[in-house]
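Enquirer: Here it is, the structure in full.
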Amino acid sequence: MNISILTPDSMRPNLAAMKISAWHKAQGDHVEINMPLMPADFTYASMLFNWTDEPMADMYGGPRYPESKLDPEMEVIKPDYDLYPNMDYSLGYTYRACPRTCDFCIVPQQDNSETHHSIWEFHNPKFNKICLMNNNTLADPQWRDTFQEIIDANLIITQDHGYDARLITDESAEYMSRIKWDGLIHLAWDFPEHKGEVLTGLKRLLRCRVKNLMVYVLIGNDTTHKENIYRVLRLKSLGIDSFAMPMDKLDPYQKRFARWVNHKAIFKAVKWENYK
């Protein structure tokens, strides 16, 4: 069979596509990715965003369709890294679930499994980098196993999906200090009322000399300007970069505030009241 996989809005390697490809190749099928005009016996489409035009396909999945799941035999298969020849890291989940119920997030709608997985279920030993797609690594009761496997294999974490600052303990901060990181370590301060928990977690990381922290700051989700300005300036006082995430990118205030915060040279040199 000829199998076509379409990922029209994926800028990076698509894990679902890699698993679908691996399963079909194991059946002896021919697989092509993002070749919409290729004659195919069956076509999959993995979609991220609601505003992306939906291509012609026999089956749709991805974050745009939270109820859609891979078949169990596809879900457990090792990804096909040959689908992306320039890829230089392993990609997968050790834990999919997240205990948070944030109203702006699609994860609570996905009914994700709380099963722990080893990195060796998806890691390709030819790579020295690994990308964890976990929605909340530290919510996994076996998070120590994940970090220890990465440390023992001398791997570098790259393009990770972020960590829950409210769950960072002295122990997890110490583990994170022993890991090699490629780029920024992402965290979030979405709700002003979580000030105590978020700052406590961040300070634990700083005490363990974990560097290159970057905190997403959600604005426009029932927050005031005073709350927005406090969070980004408080992070700045700790030497931590913030990145403003507007809920409504068309709102003039949110657009302007995000431009000010996210342009680091301006943010460091110009006060908000002087920003034009």
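Values quoted throughout were computed directly from the atomic coordinates according to the rules given, and no laboratory measurement underlies them. For clarity, every value in this text was computed on a predicted model and none was experimentally measured. Note that each Cβ is placed from the backbone with ideal geometry, even for glycine, and that neighbours are counted across all protein chains shown.
Enquirer: First select every other residue whose beta carbon is under 14 angstrom from the beta carbon of residue 93; then total the charges, Lys and Arg +1, Asp and Glu -1.
Expert: Charge balance in the 14 Å sphere: -3.
Enquirer: Tell me, for the chain, which Cys residues have no other cysteine's C-beta sitting closer than 4.7 Å.
Expert: Isolated Cys, the chain: 98, 131, 208.
Enquirer: Fewest Cβ neighbours within 10 Å first, please rank 242, 21 accordingly.
Expert: The most exposed by this proxy come first: 242, 21.
Enquirer: Please state the charge dipole magnitude for segment 88-160, taken about the Cα centre, from unit charges on C-beta atoms (+1 on K and R, -1 on D and E), reported in debye and rounded to the nearest 20.
Expert: The dipole of segment 88-160 has a size of about 120 debye.
Enquirer: Where does the charge balance sit around residue 147 when Lys and Arg score +1, Asp and Glu -1, over other residues with C-beta under 11 Å from its C-beta?
Expert: Net of charged neighbours comes to -4.
Enquirer: Taking H as built 1.01 Å from N, whose amide H comes closer than 5 Å to the amide H of residue 244, not counting residues under 5 places away?
Expert: For residue 244, the qualifying residues are 217, 262.
Enquirer: Under the rule of -39500 (n - 2.57) per DSSP H run of 4 or more residues, summed and divided by the residues of the chain, what mean residue ellipticity at 222 nm is obtained, to the nearest 500 deg cm²/dmol?
Expert: -8000 deg cm²/dmol
Enquirer: Let me ask another. So what is the relative contact order of segment 153-200, in percent, for Cα pairs below 8 Å that sit 6 or more residues apart?
Expert: Relative contact order, segment 153-200: 51 percent.
Enquirer: How big is the dipole moment of the chain about its Cα centre under a simple scheme where the beta carbon of each Lys and Arg is +1, that of each Asp and Glu is -1, and everything else is neutral? Debye, nearest 20, please.
Expert: 1920 debye
Enquirer: Okay, moving on. Among 51, 143, 23, which one shows the highest mean-square fluctuation when the chain is modelled as a Gaussian network with alpha-carbon springs under 10 Å?
Expert: 51
Enquirer: Rounded to the nearest 20 Debye, what is the dipole magnitude of segment 130-276 about its Cα centre when Lys and Arg each give +1 and Asp and Glu each give -1 at the C-beta?
Expert: Result for segment 130-276 is approximately 1000 debye, rounded to the nearest 20.
Enquirer: Tally Lys/Arg at +1 and Asp/Glu at -1 over every other residue whose Cβ is under 10 Å from the Cβ of residue 210; what's the total?
Expert: Net charge around residue 210: +4.
Enquirer: Here is a further query. Using alpha-carbon positions, what is the distance between the centroids of segment 142-182 and segment 191-255, in Å?
Expert: Going from one Cα centre to the other spans 21 Å.
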